[in-house]
Amino acid sequence: NVYIKYIKITMKKLIILFVVILLSFCVFVGYFILPANIPHTDKITDFSRIEQEIISEEIHAEKIQEIKDALNQAKKSWTKVSIAGWRFSGGGHIMTKYGMMIDMSGFNKILDYIPESQLITVESWIRWREIQEYIQADNLAIWVMQSSSIFTVWGSMSSNIHGRDARLWTIVDSIESFRLLWADGEVINVSREENSELFSLVIWGYGLFGVITDVTIRLVPDENYKRYTIALTKENYARYLEKNIIDNDNIGLHFWRLSFAPWDKFLKEFFVTNYEKINEKDLNISVDKKIENEKNVLRNRFFFNLSREFNWARNLRWFLQKKFTDNINSTQYVSRNNAMNPPIEFISYYSEKDTDILQEYYIPVENFSEFIDDLWKILSENNVNLLSLTTRYVPKNTEIFLDYNPVDMVAVVLYFNVWLSDSEQENVKSYIQEIITSTDIHGWRYYLTYQNYANKELLMKNYWEFSDFLDLKKKYDPQELFSNKFYETYSK
């Protein structure tokens, strides 16, 4: 009897232990590997969930007449209108309080394609990946887009996005023309020759001047690249750019990664990655042109989620980054389309308590090293949970009214995790404003596409032509029919 009782007690303990292990494993997988389901809410929000609003109506449009009808309805009721698609912006650009939101994600068709002329006309809410897949058979590629193909053409234009090309850097370079449905209900053609003022305003205009219905984009050959990484110091970067990147037609794409590992390595290790043009025949190799799907998503998500929580995990991730992704002893061969389609699904994340955000700053090349020193101090003092920091070279372009690169710049892109509590958001706001102030001291600007942490004084100091931008907004939209939280924050 004693033996049987002992067996029963032992079995009970084993069962309890098994249940505890099973539950722990489920929690572990759910938190560190699988993306969380985003709960339903009556509020409209963007990817960061920091900016959110209650709207009066959401209209899904697939035809121009449906947009016109929605605008007429809004005018009669004096309702503000915001434009949205896949909602990747982070500064409230897709929403206005108690306003009408027009969801344009149904505008995703290819309208015309002339491979001989390297031109394609698409509806504005098509994603870059869909264009890539359509043109790859003709050995063509996208000219300028973000470092991922999940975004839409309209979102990219409205944010005047950048890419990794060291000579043709902002999206305006690749836009031939577009059609705009503006506040009076008319559809007009816009290009450098026709309605040229609107051309400079609508690109990086965040939907404040009307609805871009379709766009004609210039394409480029789908070149083959040798991808390699070298170690460098921030002090030598300006000289390296001048000697090896600027005016070097053999460099197709280029970016720089800084260490996000905490403690002694924080912003201290620097690696430059170049994509150099190659000829397959000369090297006797074959480059796969098929656009790849993202690999090892669950594995990469596991390590990335760990690095949101623990300093030791960020150190581990940086070690793995150097060992496998940016190994200075490794060379890879890749097509332009695949080089412009890096993994991004693994960073998808949802939590009730925290979120990931982006910030971006533009610094004249000669001031870059000093800015990184200031950035190190601000981020360290505020114990910022930095997940990634990369840079790009930004050639001069003055076609856009609110340009951020009237001289050659280095873009500094920060990706970090922040708490959503009101007190923590006030803390984030404080150190972001400190970084923006440092940006101004070192010669230039911050990117307006992300959260509205800057006050109006800082924005006007960074963008002294913003008051003229507001005047032109009222010139083309006197009723201020098109609006959003970004506009309402800084127009008063």
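The values are calculated or read from the model by the stated rules, or taken from the named source; none is laboratory data. Since the structure is predicted, the reported quantities are computational estimates derived from the model, not experimental observations. Cβ coordinates were reconstructed from backbone atoms using ideal geometry, including for glycine residues, and neighbour counts include every protein chain displayed. Please note that ligands, DNA and RNA were not included when accessible areas were found on the heavy atoms of the full protein model with its side chains. Shrake-Rupley method; radii C 1.70, N 1.55, O 1.52, S 1.80 Å.
Listed values, structure above:
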{"read-out": "Long-range neighbours under 9 Å by Cβ, at least six apart or interchain, first residue within 26 Å of PRO406 (Cα to Cα) within segment 347-363, second of a type in the set (D, E, K, R) and surrounded by 21 or more Cβ atoms within 10 Å (Cβ to Cβ)", "value": "TYR361/ARG445; TYR362/ARG445; ILE363/ARG445"}
{"read-out": "Out of ASN236, ASN244, sole residue that is within 25 Å of PHE371 (Cα to Cα), of a type in the set (S, T, N, Q), more than 26 Å from the chain's Cα centre (by Cα) and open to solvent by 70 Å² or more (accessible area, probe 1.4 Å)", "value": "ASN236"}
{"read-out": "Residue in segment 245-258 that is at pLDDT 95 or above and of a type in the set (S, T, N, Q) present", "value": "no"}
{"read-out": "Matching residues, segment 187-200, being farther than 21 Å from MET100 by Cα and open to solvent by 10 Å² or more (accessible area, probe 1.4 Å)", "value": "ILE188, ASN189, SER191, ARG192, GLU193, GLU194, ASN195, SER196, GLU197, SER200"}
{"read-out": "Candidate set: segment 333-363, residues that are acidic (Asp, Glu) and outside any strand (DSSP E or B); chosen: the one surrounded by the most Cβ atoms within 10 Å (Cβ to Cβ)", "value": "GLU345"}
{"read-out": "Subset of segment 421-463 that is hydroxyl-bearing (Ser, Thr, Tyr) and outside any helix (DSSP H, G or I) - its residue that is farthest from LYS353 (Cα to Cα)", "value": "TYR463"}
{"read-out": "Complete set of residues in segment 88-113 that are of a type in the set (Ser, Thr, Tyr) and farther than 25 Å from LYS76 by Cβ", "value": "SER89, SER105, TYR113"}
{"read-out": "Residue that is farthest from ILE110 (Cα to Cα) [pool: residues in segment 175-212 that are over 22 Å from the mean Cα position of the chain (by Cα) and hydroxyl-bearing (Ser, Thr, Tyr)]", "value": "SER196"}
{"read-out": "Test: residue in segment 39-54 that is out of contact with any Leu (no Cβ under 7 Å at 6 or more places or on another chain), in a loop (DSSP other than H, G, I, E, B), more than 20 Å from LYS485 (Cβ to Cβ) and modelled with pLDDT under 95", "value": "yes"}
{"read-out": "Any chance SER177 is part of a strand (DSSP E or B) and either touching a Phe, Trp or Tyr at 6+ places or on another chain (Cβ under 8 Å) or open to solvent by 10 Å² or more (accessible area, probe 1.4 Å) (or both)", "value": "yes"}
{"read-out": "Flag for ARG299 being touching a Gly at 6+ places or on another chain (Cβ under 8 Å) and not hydroxyl-bearing (Ser, Thr, Tyr)", "value": "no"}
{"read-out": "Selection within segment 411-460 - of a type in the set (A, V, I, L, M, F, W, C), open to solvent by 10 Å² or more (accessible area, probe 1.4 Å) and in contact with a strand residue (DSSP E or B) (Cβ under 8 Å, 6 or more places away or on another chain)", "value": "VAL413, TRP419, LEU420, TRP444"}
{"read-out": "Any hit, segment 201-221, residues being farther than 30 Å from LEU472 by Cβ, in contact (Cβ under 8 Å) with a residue 12 or more places away in the chain and open to solvent by less than 10 Å² (accessible area, probe 1.4 Å)", "value": "yes"}
{"read-out": "Any pair with Cβ under 7 angstrom, 6 or more apart, that starts in segment 57-83 at a residue that is modelled with pLDDT of 95 or more and ends at one that is among the aromatic types (Phe, Trp, Tyr)", "value": "VAL81/PHE482"}
